[in-house]
Amino acid sequence: MIKLIKFIFFLFVSYAFSFFQISSANEKIKIGLLVPMTGPNKDIGQSIIKAVGLAVKDINNNKIEIFPKDTGSKANQTLKSAFELSQMDIKIVIGPVFYESTTYLDEMKNLTFLSLTNKTLDLPKNVISAGINSTSQISTIKKFLELNNVQKTIFLSPVKNYEFEVKKGIEESKIRIYRNYDYETEPTKLTKRIEEITNYKIRKKNLENEIKRIKKTNEPNKKVKIKRLEKKYTLGDVNFDAAIIADFDESLKSVTTSLLYTDVLPQNKFFITLNQWFDESLLNQTDIQPLYYPSINKNNFDEYKIKYFNAFSEDPNHLSLLSYDLVGLVYYLSLNTNLKNLDKIFKKKNSFKGKIGIFDIKNNKINHRLNFYKIENQQIIEIF
């Protein structure tokens, strides 16, 4: 069976859009944009608006028109703005940014929304998740585990509002997990939970018992053996080869620190986490390295950040790269399909290429083909 692959190439220094032609000389490509322009997330919204403007400039076709509308941080405001876009005969909308803003959008059946959320559960049928979802990430982790013939992998998930998304990613990716564990992020509860998972108290008791046993014997090199054991924290291995930690920021660091405390070291077991968007604060956490995770293509992301900074003298929010690619996607589709029929396109199986990398569309969901990286010796290293 031949899989249809379609490629989008955006106009960077080495790219050109000159071979694209608009099917109708008088037809405008009208794209709605739903982002927070007021409220606590307005900086994210402004970064996305700038990125969209940058994409339009790079495509260099005056038929594209962008219509930004404010979502604030409320679902009812999002619905109001979406209605205003529908009154302007717009059919395709980039946004909203956050999952919570999609709540009432099923009322706007004449619009198709390319939301930047990475959540896929319980979305309205006319909302397509364009974020880096859990299935994309865990599928990439699965590839790494298979390449390294890892036999026993445990999955650690915090009790947070995305735990069901993670479970869906595990199911859809068909990754082989030895055992799943959840944990509370409160420090005392977390430490206790990691101790249970790693059998820390038993392994610590094993060490104490072994030292006592040797002290009672007449074994040769008795003192040397005891001295060597006294440098250890535990005795005996844990029953897994890799730990996938579905967490971020300080909570992620707390989990890895708890693993270190229980004498589980990244030099002996694979420490793997989810997409960290190349969080530079992890570079200085040398005690938890090597640390592995899936993400978008770093070289493309770095090129985009330079391009954005040169244009606006500031660093972009990572979500703005998603919106940059989505403008190119809508533009490409408009060359081949009437925008009124775009909802049908997103139900079919197709693949596209943008600056974020290759992403596959099927059943109103976008899955990304991600790269895989490790942080080691304070450097980010691409594995594949």
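Scan segment 145-153 and give yes if some residue there is out of contact with any helix residue (DSSP H, G or I) (no Cβ under 9 Å at 6 or more places or on another chain) and surrounded by 17 or more Cβ atoms within 10 Å (Cβ to Cβ), otherwise no.
Yes, that holds for at least one residue.
Against the condition among the aliphatic types (A, V, I, L, M) and surrounded by fewer than 16 Cβ atoms within 10 Å (Cβ to Cβ), how does V224 come out, does it pass?
So V224 passes the test.
Just one of Q285, Q276 is under 23 Å from V35 (Cα atoms), in contact with a helix residue (DSSP H, G or I) (Cβ under 9 Å, 6 or more places away or on another chain) and assigned by TED's automatic domain parsing to the domain that holds K160; which is it?
Q276
Is it the case that segment 295-308 has a residue that's surrounded by 14 or more Cβ atoms within 10 Å (Cβ to Cβ), of a type in the set (A, V, I, L, M) and free of Cβ contacts under 8 Å to residues at least 40 places away in the same chain?
The answer is no; no qualifying residue exists.
Picking from V327, V255, which residue would you name as being buried (at least 22 other Cβ atoms within 10 Å of the Cβ), over 30 Å from K57 (Cβ atoms) and either in contact (Cβ under 8 Å) with a residue 40 or more places away in the chain or not assigned by TED's automatic domain parsing to the domain that holds L34 (or both)?
That would be V255, the only listed residue that is buried (at least 22 other Cβ atoms within 10 Å of the Cβ), over 30 Å from K57 (Cβ atoms) and either in contact (Cβ under 8 Å) with a residue 40 or more places away in the chain or not assigned by TED's automatic domain parsing to the domain that holds L34 (or both).
Grab the helices (runs of 4 or more DSSP H) fully contained in segment 168-248, keeping just those with 3 or more residues being free of Cβ contacts under 8 Å to residues at least 60 places away in the same chain and outside the structural domain of I154 (by TED's automatic domain parsing).
By residue number, 200-215, 222-230.
The values are calculated or read from the model by the stated rules, or taken from the named source; none is laboratory data. Being a predicted model, the structure only gives us computed values, none of them experimental. FYI the Cβ positions are ideal-geometry reconstructions off the backbone, even for glycines, and counts take in every protein chain you see.
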